[in-house]
1. Looking at E121, E91 in this structure, which one is within 30 Å of Y148 (Cα to Cα), of a type outside the set (S, T, Y) and either crowded, with 18+ Cβ neighbours inside 10 Å or at pLDDT 95 or above (or both)?
2. Scan (1) modelled with pLDDT of 95 or more; (2) crowded, with 21+ Cβ neighbours inside 10 Å for the single condition S96 breaks and write down its number.
3. So, of the residues in region 1-58 that are among the hydroxyl-bearing types (S, T, Y) and outside any loop (DSSP other than H, G, I, E, B), which turns out to be surrounded by the most Cβ atoms within 10 Å (Cβ to Cβ)?
4. Out of E184, E176, report the one residue that is at pLDDT 70 or above and in a loop (DSSP other than H, G, I, E, B).
5. If we keep just the residues of region 66-88 that are under 17 Å from the mean Cα position of the chain (by Cα) and modelled with pLDDT of 95 or more, which is nearest to N39 (Cα to Cα)?
6. Which residue is surrounded by the fewest Cβ atoms within 10 Å (Cβ to Cβ), if the candidates are limited to region 124-145 and must be modelled with pLDDT under 80 and hydrophobic (A, V, I, L, M, F, W, C)?
7. Restricting region 146-157 to residues that are part of a strand (DSSP E or B) and farther than 13 Å from I111 by Cβ, which is modelled with the highest pLDDT?
8. Where residues in region 74-88 are free of Cβ contacts under 8 Å to residues at least 40 places away in the same chain and among the aliphatic types (A, V, I, L, M), which of them is surrounded by the most Cβ atoms within 10 Å (Cβ to Cβ)?
Amino acid sequence: MPEGQGANVPVHVVVNGQPSNQLFFSYLPPSVISSVPTNGTAAGGTLVTVNGENFGTGGTVLVDGVPGTQQSWSHVQVTFLTPPGEGVDREVRIISGGQMSGTYGLFSYDIPRETAPGTSEPEALVWTTSDSLAWPENPDALGGYRIYRGVPADLQNLYSSEIDSCLRGESTLQEETSLSGLSESPPEDSFFWYLVVGVNASGEGEAGQGRDIDSSGDCYSF
C-alpha cells in the first residue's frame, strides 16, 4: 500500500481500463508515544515535539481540544506551537485522516509570571498615590488578577507570605489592569503599596502562593 491515512479508504484494481469491485482499507490510527517539553507559558507559542507512529501525511495537533500551529509533520514526529491556555496535564492528541490518537501526551501551562516589573516577590509590588491602581498587562493571567494589601499597611508585610494579607480586589479578565475606588487614598505626599499577582487555571503567581487571607477584620481599614 502507498503511504496514506484515514479509515475506510476505497481500494479497487483497474485492468485494461476496467475497475474491479470496490473494497475498503483502513490505515492504523495515529499513536502518540511522547511529547516534549511538558510545560510552557499560558500565552502559548511553546514549541512542542510529538513522537509516535502512524501520523500520516498531515493533520492537526490538539492541546485540550484546541488546535496548535503546525511547524513540521512526518509519520513519526510532529512539531507545533501551543495555543494559549491554562491548567495542568492537558491532553496532546493527533488527528490524521479523520482518526484521533487513542494515546496522548500531557502539557501543563505555567502559572502566571509576576505582574509588576520583575520576577521576584518584592518586584511584584506596585504603588499608588491615589485611590486608583494600575499595573502592566500580564499575558499569562488568563483568569485575571488578585490584589493584596498588607495587614497592617506595612511594606515588609507584603514581602512575607507568612503574614496574613488582605485580598483587596480581584478581577476575572486579563484585560482589566486597573482598580478604581480603593477604600481610601494615601496621605498627602505619600503612597500605598499593593501586591498584584496574575491568576490562571494552573494557580497564581509565586508572590501570591500560600498567602493567608485575613478575613476576620475590616479589609479596608489600615
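1. Working: E91 fails: within 30 Å of Y148 (Cα to Cα).
The unique qualifying residue is E121.
2. Result: S96 fails condition (1) only.
3. Start the filter on region 1-58 by keeping residues that are among the hydroxyl-bearing types (S, T, Y), which leaves 20, 26-27, 31, 34-35, 38, 41, 46, 49, 57.
From what's left, outside any loop (DSSP other than H, G, I, E, B): 31, 34-35, 49.
Working: S31: 15, S34: 13, S35: 23, T49: 15.
My answer is S35.
4. On the way: E184 fails: at pLDDT 70 or above.
The unique qualifying residue is E176.
5. To start, the set of residues in region 66-88 that are under 17 Å from the mean Cα position of the chain (by Cα) comprises 66-69, 80-88.
Add one more test, that the residue is modelled with pLDDT of 95 or more, and what stays is 66-69, 80-83.
Details: V66: 16, P67: 16, G68: 14, T69: 16, F80: 14, L81: 12, T82: 10, P83: 12 Å.
Out of the qualifying residues, it is T82.
6. Per the stated criteria, the residue is W127.
7. Narrowing region 146-157 to residues part of a strand (DSSP E or B): 146-150.
So of that shortlist, the ones also farther than 13 Å from I111 by Cβ come out as 147-150.
Numbers: I147: 82, Y148: 79, R149: 71, G150: 60.
Out of the qualifying residues, it is I147.
8. So in region 74-88, the residues free of Cβ contacts under 8 Å to residues at least 40 places away in the same chain come out as 74, 76-81, 83.
Then drop every residue that is not among the aliphatic types (A, V, I, L, M), which leaves 76, 78, 81.
Details: V76: 12, V78: 27, L81: 15.
Ranking the candidates gives V78 first.
The values are calculated or read from the model by the stated rules, or taken from the named source; none is laboratory data. The structure displayed is predicted, hence computed values, not measured ones. Note that we place each Cβ from the backbone using ideal geometry, even for glycine, and neighbour counts take in every protein chain shown.
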